[in-house]
(Lines give C-alpha, C1' and ligand atoms only; values in the text may rest on other atoms or scores of the structure.)
Protein backbone atom coordinates (compact mmCIF):
# COMPACT_ATOMS: atom_id res chain seq x y z
CA UNK A 1 0.00 0.00 0.00
CA UNK A 2 2.72 2.47 0.98
CA UNK A 3 4.69 1.87 -2.18
CA UNK A 4 1.64 2.45 -4.34
CA UNK A 5 1.30 5.91 -2.82
CA UNK A 6 5.01 6.59 -3.31
CA UNK A 7 4.80 5.61 -6.96
CA UNK A 8 1.77 7.82 -7.34
CA UNK A 9 3.63 10.80 -5.95
CA UNK A 10 6.71 10.17 -8.08
CA UNK A 11 4.59 9.63 -11.20
CA UNK A 12 2.87 12.94 -11.29
CA UNK A 13 2.64 14.99 -8.15
CA UNK A 14 5.83 16.93 -8.91
CA UNK A 15 3.91 18.90 -11.52
CA UNK A 16 2.01 20.62 -8.73
CA UNK A 17 4.45 22.97 -7.00
CA UNK A 18 4.16 24.73 -3.69
CA UNK A 19 5.97 27.95 -2.82
CA UNK A 20 8.80 27.60 -0.30
CA UNK A 21 7.80 28.51 3.24
CA UNK A 22 9.05 27.97 6.77
CA UNK A 23 5.89 26.35 8.12
CA UNK A 24 2.57 25.24 6.70
CA UNK A 25 -0.68 23.80 8.03
CA UNK A 26 -2.66 20.69 7.10
CA UNK A 27 -6.02 19.61 8.49
CA UNK A 28 -7.15 15.97 8.28
CA UNK A 29 -10.06 13.97 9.64
CA UNK A 30 -9.51 10.23 9.80
CA UNK A 31 -11.71 8.99 12.61
CA UNK A 32 -11.05 9.50 16.31
CA UNK A 33 -8.48 12.23 16.77
CA UNK A 34 -6.86 10.36 19.67
CA UNK A 35 -5.45 7.93 17.08
CA UNK A 36 -4.49 10.38 14.37
CA UNK A 37 -2.85 12.87 16.73
CA UNK A 38 -0.63 10.17 18.25
CA UNK A 39 0.58 9.13 14.79
CA UNK A 40 1.36 12.52 13.24
CA UNK A 41 3.15 13.78 16.36
CA UNK A 42 5.90 11.25 15.66
CA UNK A 43 6.81 12.51 12.17
CA UNK A 44 10.00 14.42 11.44
CA UNK A 45 9.21 17.98 10.45
CA UNK A 46 5.92 18.10 12.31
CA UNK A 47 6.07 20.86 14.93
CA UNK A 48 2.58 20.66 16.38
CA UNK A 49 -0.56 18.54 16.17
CA UNK A 50 -3.75 19.82 17.75
CA UNK A 51 -7.00 17.89 18.04
CA UNK A 52 -10.22 19.70 17.30
CA UNK A 53 -13.26 20.17 15.09
CA UNK A 54 -13.81 21.49 11.55
CA UNK A 55 -16.42 21.42 8.83
CA UNK A 56 -19.53 22.12 10.86
CA UNK A 57 -22.07 24.88 11.16
CA UNK A 58 -22.16 25.90 14.82
CA UNK A 59 -19.47 28.03 16.42
CA UNK A 60 -17.25 26.79 19.25
CA UNK A 61 -18.72 23.28 19.45
CA UNK A 62 -18.04 21.07 22.44
CA UNK A 63 -17.05 17.42 22.31
CA UNK A 64 -20.44 16.47 23.67
CA UNK A 65 -22.18 18.41 20.88
CA UNK A 66 -20.11 17.02 18.02
CA UNK A 67 -20.58 13.46 19.34
CA UNK A 68 -24.27 13.76 18.46
CA UNK A 69 -23.30 13.99 14.79
CA UNK A 70 -25.73 16.88 14.40
CA UNK A 71 -23.31 19.83 14.24
CA UNK A 72 -21.68 18.74 10.97
CA UNK A 73 -18.16 18.89 12.42
CA UNK A 74 -15.54 16.22 11.92
CA UNK A 75 -12.96 15.25 14.50
CA UNK A 76 -9.73 16.54 12.94
CA UNK A 77 -6.09 17.15 13.60
CA UNK A 78 -4.55 20.52 12.76
CA UNK A 79 -0.91 19.95 11.82
CA UNK A 80 1.83 22.58 11.75
CA UNK A 81 4.81 21.28 9.79
CA UNK A 82 8.02 22.34 8.01
CA UNK A 83 7.77 21.73 4.25
CA UNK A 84 11.57 21.69 4.02
CA UNK A 85 11.59 18.57 6.20
CA UNK A 86 8.29 16.89 5.35
CA UNK A 87 6.06 17.66 2.39
CA UNK A 88 2.30 17.70 2.16
CA UNK A 89 2.51 14.56 -0.02
CA UNK A 90 4.25 12.76 2.84
CA UNK A 91 1.47 13.75 5.21
CA UNK A 92 -1.10 12.47 2.71
CA UNK A 93 0.81 9.21 2.42
CA UNK A 94 0.62 8.69 6.18
CA UNK A 95 -3.01 9.81 6.25
CA UNK A 96 -4.20 7.28 3.66
CA UNK A 97 -2.05 4.48 5.06
CA UNK A 98 -3.25 4.79 8.65
CA UNK A 99 -7.03 4.88 8.36
CA UNK A 100 -9.71 3.37 6.13
CA UNK A 101 -10.69 6.00 3.54
CA UNK A 102 -13.32 3.71 2.00
CA UNK A 103 -15.87 3.63 4.83
CA UNK A 104 -18.38 6.47 4.78
CA UNK A 105 -18.76 8.21 8.15
CA UNK A 106 -17.08 5.35 9.96
CA UNK A 107 -13.75 4.16 11.33
CA UNK A 108 -14.01 0.75 12.94
CA UNK A 109 -16.52 0.89 15.77
CA UNK A 110 -16.72 4.69 15.61
CA UNK A 111 -19.77 5.62 13.54
CA UNK A 112 -21.10 9.05 12.60
CA UNK A 113 -20.36 12.03 10.36
CA UNK A 114 -17.89 13.28 12.97
CA UNK A 115 -15.65 10.31 12.05
CA UNK A 116 -15.68 10.90 8.30
CA UNK A 117 -12.53 10.75 6.20
CA UNK A 118 -11.75 14.29 5.08
CA UNK A 119 -8.98 16.59 3.89
CA UNK A 120 -9.67 20.25 4.60
CA UNK A 121 -7.35 21.97 2.13
CA UNK A 122 -5.77 25.34 2.89
CA UNK A 123 -4.84 26.28 -0.67
CA UNK A 124 -5.28 25.14 -4.24
CA UNK A 125 -2.05 23.12 -4.19
CA UNK A 126 -3.29 21.02 -1.27
CA UNK A 127 -6.60 20.54 -3.05
CA UNK A 128 -4.95 19.45 -6.30
CA UNK A 129 -2.54 17.08 -4.59
CA UNK A 130 -5.28 15.48 -2.51
CA UNK A 131 -7.59 14.97 -5.49
CA UNK A 132 -4.74 13.63 -7.61
CA UNK A 133 -3.68 11.02 -5.06
CA UNK A 134 -7.28 9.90 -4.48
CA UNK A 135 -7.77 9.55 -8.24
CA UNK A 136 -4.58 7.54 -8.60
CA UNK A 137 -5.28 5.26 -5.64
CA UNK A 138 -8.72 4.50 -7.04
CA UNK A 139 -7.28 3.94 -10.52
CA UNK A 140 -4.73 1.50 -9.13
CA UNK A 141 -7.35 -0.23 -6.92
CA UNK A 142 -5.14 0.35 -3.89
CA UNK A 143 -8.13 -0.45 -1.67
CA UNK A 144 -10.82 -3.08 -2.11
CA UNK A 145 -13.48 -0.36 -2.26
CA UNK A 146 -13.51 3.17 -3.73
CA UNK A 147 -12.15 6.00 -1.58
CA UNK A 148 -14.86 8.20 -0.10
CA UNK A 149 -12.55 10.80 1.45
CA UNK A 150 -14.07 14.28 1.30
CA UNK A 151 -11.86 17.09 -0.02
CA UNK A 152 -13.27 20.40 1.20
CA UNK A 153 -12.04 23.95 1.65
CA UNK A 154 -10.81 24.74 5.15
CA UNK A 155 -12.92 27.29 6.98
CA UNK A 156 -12.26 27.32 10.70
CA UNK A 157 -10.63 25.06 13.27
CA UNK A 158 -11.94 24.82 16.82
CA UNK A 159 -9.46 23.29 19.28
CA UNK A 160 -10.88 20.42 21.30
CA UNK A 161 -11.01 20.58 25.08
CA UNK A 162 -7.66 20.41 26.87
CA UNK A 163 -7.99 16.82 28.00
CA UNK A 164 -8.13 15.67 24.34
CA UNK A 165 -4.73 17.15 23.52
CA UNK A 166 -1.85 14.64 23.48
CA UNK A 167 -4.44 12.16 24.71
CA UNK A 168 -2.59 8.94 23.96
CA UNK A 169 0.64 10.00 25.69
CA UNK A 170 -1.31 11.00 28.78
CA UNK A 171 -3.67 8.01 28.86
CA UNK A 172 -1.77 4.96 27.59
CA UNK A 173 -3.42 2.65 30.12
CA UNK A 174 -6.94 3.73 29.22
CA UNK A 175 -8.79 0.72 27.68
CA UNK A 176 -9.44 2.41 24.30
CA UNK A 177 -5.80 3.47 24.06
CA UNK A 178 -4.53 -0.03 24.85
CA UNK A 179 -6.96 -1.77 22.50
CA UNK A 180 -7.10 0.67 19.57
CA UNK A 181 -4.62 3.56 19.66
CA UNK A 182 -1.56 1.66 20.88
CA UNK A 183 -1.63 -1.13 18.26
CA UNK A 184 -2.31 1.42 15.51
CA UNK A 185 0.68 3.54 16.56
CA UNK A 186 2.99 0.51 16.70
CA UNK A 187 1.93 -0.62 13.23
CA UNK A 188 2.52 2.88 11.90
CA UNK A 189 5.99 3.07 13.47
CA UNK A 190 7.08 -0.11 11.71
CA UNK A 191 5.79 1.03 8.31
CA UNK A 192 7.20 4.58 8.51
CA UNK A 193 10.38 4.14 10.56
CA UNK A 194 12.40 6.20 8.05
CA UNK A 195 10.46 9.42 8.65
CA UNK A 196 9.99 9.25 12.43
CA UNK A 197 11.53 11.66 14.89
CA UNK A 198 14.59 10.35 16.73
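The values are calculated or read from the model by the stated rules, or taken from the named source; none is laboratory data. Everything quoted here is computed from the prediction, not taken from an experiment. Neighbour counts run over all protein chains shown; Cβ positions are idealised from the backbone, glycine included.
The set of residues in segment 32-63 that are within 22 Å of residue 87 (Cα to Cα) and part of a loop (DSSP other than H, G, I, E, B) comprises 41, 42, 44, 45.
Might you let me know whether segment 118-139 holds any residue that is within 24 Å of residue 180 (Cα to Cα), without any contact (Cβ under 8 Å) to a residue 60 or more places away in the chain and either under 13 Å from the mean Cα position of the chain (by Cα) or surrounded by 15 or more Cβ atoms within 10 Å (Cβ to Cβ) (or both)?
No: segment 118-139 contains no residue that is within 24 Å of residue 180 (Cα to Cα), without any contact (Cβ under 8 Å) to a residue 60 or more places away in the chain and either under 13 Å from the mean Cα position of the chain (by Cα) or surrounded by 15 or more Cβ atoms within 10 Å (Cβ to Cβ) (or both).
The set of residues from segment 150-170 being closer than 15 Å to residue 73 by Cα and part of a loop (DSSP other than H, G, I, E, B) comprises 154, 155, 156, 157, 160, 161.
Can you spot a residue in segment 78-89 that is assigned to a strand (DSSP E or B), under 16 Å from the mean Cα position of the chain (by Cα) and either under 16 Å from residue 35 (Cα atoms) or modelled with pLDDT under 95 (or both)? Checked against the condition, which is being assigned to a strand (DSSP E or B), under 16 Å from the mean Cα position of the chain (by Cα) and either under 16 Å from residue 35 (Cα atoms) or modelled with pLDDT under 95 (or both), segment 78-89 yields at least one hit.
Cβ-Cβ under 8 Å, sequence separation 6+ or interchain: first residue in segment 68-87 and at positive phi and touching a residue at least 24 places away in the same chain (Cβ under 8 Å), partner crowded, with 23+ Cβ neighbours inside 10 Å and assigned to a loop (DSSP other than H, G, I, E, B). Which pairs? Hits for this filter: 72/55. Taken over segment 187-198, the criterion of being surrounded by 12 or more Cβ atoms within 10 Å (Cβ to Cβ) and assigned to a helix (DSSP H, G or I) is satisfied by 187, 188, 189, 191, 195.
Scanning segment 47-61 for residues that are under 22 Å from residue 153 (Cα atoms) and either out of contact with any strand residue (DSSP E or B) (no Cβ under 7 Å at 6 or more places or on another chain) or free of Cβ contacts under 8 Å to residues at least 60 places away in the same chain (or both) returns 48, 49, 56, 57, 58, 59.
Among the conditions (1) modelled with pLDDT of 95 or more; (2) buried (at least 16 other Cβ atoms within 10 Å of the Cβ); (3) under 21 Å from residue 27 (Cβ atoms), residue 184 misses just one, which is (1).
Would you mention how many residues in segment 68-100 are surrounded by fewer than 23 Cβ atoms within 10 Å (Cβ to Cβ) and within 12 Å of residue 149 (Cα to Cα)? Looking only at that region, the number is 1.
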